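Accompanying notes for the structure given below.
The values are calculated or read from the model by the stated rules, or taken from the named source; none is laboratory data. The structure displayed is predicted, hence computed values, not measured ones. Cβ placement follows ideal geometry from the backbone for every residue including glycine, while neighbour counts extend to all protein chains displayed.
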Amino acid sequence: MLFRQFFQGFTYPVRAHFLENLLEITEYRLTPYNQIDDYGQEKTWKMQKQAQAFKKRKSQIASSVEDVVEVADYKGYSSRTRESLSCWNPDSIGFNLIEHVLCHIIKKERPGAVLVFMTGWDDINSLKDQLQAHPILGDPRRVLLLACHGSMASSEQRLIFDKPEDGVRKIVLATNMAETSITINDVVFVVDCGKAKETSYDALNNTPCLLPSWISKAAARQRRGRAGRVQPGECYHLYPRSVYDAFADYQLPELLRTPLQSLCLQIKSLQLGSISEFLSRALQPPEPLSVQNAVDYLKVIGALDEHENLTVLGRHLSVLPVEPKLGKMLILGTIFNCLDPIMTVVAGLSVRDPFLIPFDKKDLAESAKAQFSARDCSDHLALVRAYNGWKDAERQQSGHEKQFFSLLKDTGLVDKPSENCNSRSIDEHLMRAVICAGLFPGLCSVVNKEKSITLKTMEDGQVLLYSNSVNAGVPKIPYPWLVFNEKVKVNSVFLRDSTGVSDSVLLLFGGNIERGGLDGHLKMLGGYLDFFMKPTLGDMYLSLKRELEELIQNKLLDPKLDIQFHNELLMAIRLLVSEDQCEGRFVFGRQLPASSKKAEKAKNVAGDGGGNSKNELQTLLARAGHEAPTYKTKQLKNNQFRSTVFFNGLDFVGQPCSSKKLAEKDAAAAALLWLKGETHSYSRNTDSSVLLKKSKTINQNRIPVRDGKWN
């Protein structure tokens with residue numbers, strides 16, 4: 001009672017108009033055609049998707065309210081309104097309807113600012129373009145049209161609080177940040193589309209999502225209340241009353257819609273027992289798969305051991321107030337004496353994108369960011385250069401450097417002046433390696449084609465880059481891999497930021513390496529990544545990786561240890577990460593882009609790589625240091641052919657095929673599947689040197705070979 005007495009805010013009454021009332025008041029008619037929102041020529045796919053929604057299966061937004069819409073009773077309304085409601089499209093934001101409502105307010109309602117709630121930046125920009133082309137809403141003598149979004153500069157956002165000149169009505173297009181974060185005092189009218197882009201977590205695909213969804217009743221009340229701050233107001237909800245009644249009372253708890261890595265790490269640091277058992281006692285416990293994904297992730301980065309106990313790295317990560325992967329990046333930046341640039345990267349990834357994109361200067365902003373990238377294919381190094389330029393101009397440090405340095409001193413990892421932690425801060429190859437160590441297993445493969453670039457992650461398959469990434473507009477990415485901090489599913493899965501890395505960087509600074517089925521075959525992430533090389537080279541990478549992990553472990557156990565006493569190891573690692581030409585030559589099946597179709601054809605004839613299983617098998621064995629395979633093909637009674645491939649004392653039999661050539665390819669495909677571990681005729685733990693002494697016949701069912709990089 002005491003709290004309510006002092007903290008309950010006063011608001012004026014606000015009259016709510018739902019879609020059925022709105023259509024009656026304005027006499028607007030909905031059709032399947034005027035509900036297709038115009039996103040411009042660059043995003044025609046969005047408009048096509050809306051048009052298809054009328055014919056094909058419904059989206060999650062539409063299906064969630066389908067039942068209540070069907071049983072809603074509109075008997076008290078005109079036939080025009082009932083007809084409009086019968087073809088209402090829940091997936092549409094309603095650009096044309098919003099335009100009509102705004103015209104109604106300007107022509108017939110009392111003075112006062114209008115706040116329009118949209119779902120995101122694309123919607124705000126596209127609607128703003130449409131309104132500016134309108135004869136009334138685009139007239140600056142009558143309307144002051146403003147936008148409000150978290151990615152805008154603070155100076156632009158402050159304009160929404162200014163009072164316009166007499167006779168000019170202010171219209172603000174905003175996201176749900178205007179529900180509670182800010183208050184615009186002169187707002188009298190609110191237009192609510194009823195949707196917001198909400199972060200959720202797809203545990204099955206281990207992918208965060210940012211998709212439009214219906215808001216809750218609590219959020220709808222908050223939006224309505226924005227119109228009653230200084231005088232009685234009006235709120236126009238662009239959805240029927242029956243849909244509002246079907247909304248959830250409150251937003252889903254954050255525990256159920258975000259990844260749980262940081263929370264799981266804290267549970268272990270506070271010694272609260274088993275992570276899954278502790279979280280199962282929550283009022284609304286998260287999915288077991290979400291918990292398992294978080295635990296598996298902490299094991300991959302080395303924060304937990306196989307028994308879910310904190311490692312020495314995990315204990316250090318648990319005291320840093322950043323995500324575990326960013327904490328690991330900070331720790332390795334300290335160990336390898338490139339702390340300042342890594343602190344800049346971590347600070348930039350801990351908050352919203354520091355590169356602001358003004359509404360009317362998008363191309364200029366992207367061009368400026370591309371200049372900072374210096375064609376290094378790294379958003380993170382571009383951020384470092386931009387910050388260093390700002391620091392030189394302002395002649396001061398930012399707060400993040402002092403805060404992170406102080407936290408690292410508290411862990412005991414830093415006991416010297418900051419200058420001594422930056423002896424390698426100009427070594428961009430080393431910085432790239434530390435970034436890789438922190439962001440792994442956030443990894444995607446890169447395949448440069450003649451006219452495009454294909455990117456794939458393990459969980460999602462093909463992914464795309466956000467348009468503001470420095471890697472998004474380049475014709476070729478000269479690295480076999482990109483590491484990334486954040487991916488998010490919108491319509492497709494997008495990577496927000498990325499840095500190109502070579503095979504050597506990934507092998508030495510990525511996850512654990514295991515031996516594969518042949519000498520010189522190395523695997524990562526349980527066999528998702530395959531690398532093939534000469535056996536002696538594979539042994540060298542394994543040895544260096546083991547020594548490097550031992551050095552890091554010893555440094556974490558004894559922060560006063562001087563790693564410069566291991567100069568031979570460090571020099572070998574620096575040489576590998578700086579001299580790797582980034583061709584991805586250890587990646588099975590990787591092909592460098594040819595300059596023309598003729599060059600590609602000549603390459604295939606020469607037997608260097610190639611697009612079929614015979615060429616792939618020959619390439620694999622050559623890279624592993626073995627002789628070329630041989631084939632023996634027999635014609636069967638039914639005019640079909642069956643082939644057997646021989647190499648290293650092993651032989652594999654294919655399925656019957658219509659020609660000798662196809663039969664040989666099928667036998668090669670069967671051998672490839674076994675070599676890559678996709679069939680289980682042999683135990684994975686069997687030593688490959690023993691297998692090479694035996695001759696076995698393996699008859700495999702035909703299974704299509706997938707992308708050469710991912711098993």
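Quick one: which strands (runs of 3 or more DSSP E) sit completely within region 403-495 and have at least 1 residues that are among the hydrophobic types (A, V, I, L, M, F, W, C) and in contact with a helix residue (DSSP H, G or I) (Cβ under 8 Å, 6 or more places away or on another chain)?
Counting at least 1 such residues, we get 443-448, 481-483.
Can you tell me which condition Ser78 does not meet? The list is (1) polar (S, T, N, Q); (2) at pLDDT 90 or above; (3) touching a helix residue (DSSP H, G or I) at 6+ places or on another chain (Cβ under 6 Å), and all the others hold.
(3)
Determine which member of the set Thr175, Thr199 is touching a Leu at 6+ places or on another chain (Cβ under 7 Å), polar (S, T, N, Q) and under 19 Å from Val490 (Cα atoms). Before the answer, list the steps.
On the way: Thr175 fails: touching a Leu at 6+ places or on another chain (Cβ under 7 Å).
Being touching a Leu at 6+ places or on another chain (Cβ under 7 Å), polar (S, T, N, Q) and under 19 Å from Val490 (Cα atoms) holds for just one of Thr175, Thr199, which is Thr199.
Count, please, the residues in region 543-563 that happen to be surrounded by 15 or more Cβ atoms within 10 Å (Cβ to Cβ) and either assigned by TED's automatic domain parsing to the domain that holds Ala303 or closer than 17 Å to Met329 by Cα (or both).
Residues meeting the conditions: 6.
May I ask you to list the residues in region 201-235 that are small (Gly, Ala, Ser), touching a strand residue (DSSP E or B) at 6+ places or on another chain (Cβ under 9 Å) and assigned to a helix (DSSP H, G or I)?
Going residue by residue through region 201-235, those that are small (Gly, Ala, Ser) are 203, 213, 216, 218-220, 225, 227-228, 233.
Among the residues that remain, those that are also touching a strand residue (DSSP E or B) at 6+ places or on another chain (Cβ under 9 Å) are: 213, 219-220, 225, 227-228, 233.
Hits for region 201-235 are Ala219, Ala220, Gly225, Ala227, Gly228.
Can you tell me which residues in region 295-312 are part of a helix (DSSP H, G or I) and within 14 Å of Phe440 (Cα to Cα)? Full working, then the answer.
Let us first name the residues in region 295-312 that are part of a helix (DSSP H, G or I), namely 295-300, 312.
Asp296, Tyr297, Leu298, Lys299, Val300, listed by residue number.
Would you pick out the residues in region 165-178 that are part of a loop (DSSP other than H, G, I, E, B) and closer than 24 Å to Glu198 by Cα? Spell out how you get there, then give the answer.
Going through region 165-178, the residues part of a loop (DSSP other than H, G, I, E, B) turn out to be 165-168, 175-176.
Those that are part of a loop (DSSP other than H, G, I, E, B) and closer than 24 Å to Glu198 by Cα: Thr175, Asn176.
Could you tell me how many of the residues in region 443-473 are more than 18 Å from the chain's Cα centre (by Cα), in contact (Cβ under 8 Å) with a residue 12 or more places away in the chain and surrounded by fewer than 17 Cβ atoms within 10 Å (Cβ to Cβ)? Don't jump to the end; show me each part of the working.
First, the residues of region 443-473 that are more than 18 Å from the chain's Cα centre (by Cα): 447-452.
With the extra rule that they be in contact (Cβ under 8 Å) with a residue 12 or more places away in the chain, the set shrinks to 447-450.
Then keep just the ones that are surrounded by fewer than 17 Cβ atoms within 10 Å (Cβ to Cβ); that gives 449-450.
Looking only at that region, the number is 2.
Please give the number of the condition Leu283 fails out of (1) under 17 Å from Gly438 (Cβ atoms); (2) outside the structural domain of His566 (by TED's automatic domain parsing).
Against the list (1) under 17 Å from Gly438 (Cβ atoms); (2) outside the structural domain of His566 (by TED's automatic domain parsing), Leu283 comes up short only on (1).
What are the residues in region 496-508 that are surrounded by 24 or more Cβ atoms within 10 Å (Cβ to Cβ) and either in the same structural domain as Ala671 (by TED's automatic domain parsing) or assigned to a helix (DSSP H, G or I) (or both), if any?
Asp503, Val505, Leu506, Leu507
For residues that are within 35 Å of the chain's Cα centre (by Cα) and under 23 Å from Asn185 (Cα atoms), tally how many sit in region 132-165.
So the answer is 17.
When region 142-181 is examined, which residues are found to be of a type in the set (A, V, I, L, M), in contact with a Gly (Cβ under 9 Å, 6 or more places away or on another chain) and under 18 Å from Ala227 (Cβ atoms)?
Going through region 142-181, the residues of a type in the set (A, V, I, L, M) turn out to be 143-147, 152-153, 159-160, 168, 171-174, 177-178.
This time we only want the ones that are in contact with a Gly (Cβ under 9 Å, 6 or more places away or on another chain), so: 145, 177.
Met177, the sole residue that qualifies.
Only one residue in Ile160, Ile171, Ile136 is more than 18 Å from Asn96 (Cα to Cα) and in contact (Cβ under 8 Å) with a residue 24 or more places away in the chain, so which one is that?
Unique residue meeting the criteria: Ile160.
If Ile182 satisfies all but one of (1) at pLDDT below 95; (2) within 20 Å of Leu131 (Cα to Cα); (3) aliphatic (A, V, I, L, M), what's the number of the condition it fails?
Condition (2) is where Ile182 drops out.
Here is a check on your reading of the model: is Ala227 among the aliphatic types (A, V, I, L, M) and more than 32 Å from the chain's Cα centre (by Cα)? So that I can check it myself, show each step before the final result.
On the way: among the aliphatic types (A, V, I, L, M): yes; more than 32 Å from the chain's Cα centre (by Cα): yes.
When the stated conditions are applied, Ala227 passes them.
Take the residues in region 509-541 that are in a helix (DSSP H, G or I) and within 30 Å of the chain's Cα centre (by Cα), then tell me which one is farthest from Gln581 (Cα to Cα). Give the derivation first.
From region 509-541, those in a helix (DSSP H, G or I) are 509, 525-527, 535-541; that's our starting set.
Applying the additional criterion that residues be within 30 Å of the chain's Cα centre (by Cα) yields 509, 525-527, 541.
Working: Phe509: 17, Leu525: 24, Gly526: 26, Gly527: 24, Tyr541: 16 Å.
Looking at residues that are in a helix (DSSP H, G or I) and within 30 Å of the chain's Cα centre (by Cα), I get Gly526.
Name, by its number, the condition in (1) of a type outside the set (A, V, I, L, M); (2) out of contact with any helix residue (DSSP H, G or I) (no Cβ under 6 Å at 6 or more places or on another chain); (3) not in a helix (DSSP H, G or I) that does not hold for Arg315.
The single condition Arg315 does not satisfy is (3).
Taking the condition among the acidic types (Asp, Glu), over 21 Å from the mean Cα position of the chain (by Cα) and assigned by TED's automatic domain parsing to the domain that holds Arg15, does Asp305 pass? Don't jump to the end; show me each part of the working.
On the way: among the acidic types (Asp, Glu): yes; over 21 Å from the mean Cα position of the chain (by Cα): yes; assigned by TED's automatic domain parsing to the domain that holds Arg15: no.
No.
Listed here are the residues, each with its yes/no results for (1) without any contact (Cβ under 8 Å) to a residue 12 or more places away in the chain; (2) over 30 Å from Lys163 (Cβ atoms); (3) not assigned by TED's automatic domain parsing to the domain that holds Ser92.
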| position | (1), (2), (3) |
| --- | --- |
| Ser200 | no, yes, no |
| Ala203 | no, yes, no |
| Thr207 | no, yes, no |
| Ser216 | no, yes, no |
| Ala220 | no, no, no |
| Arg226 | no, no, no |
| Pro240 | no, yes, no |
| Ile267 | no, yes, yes |
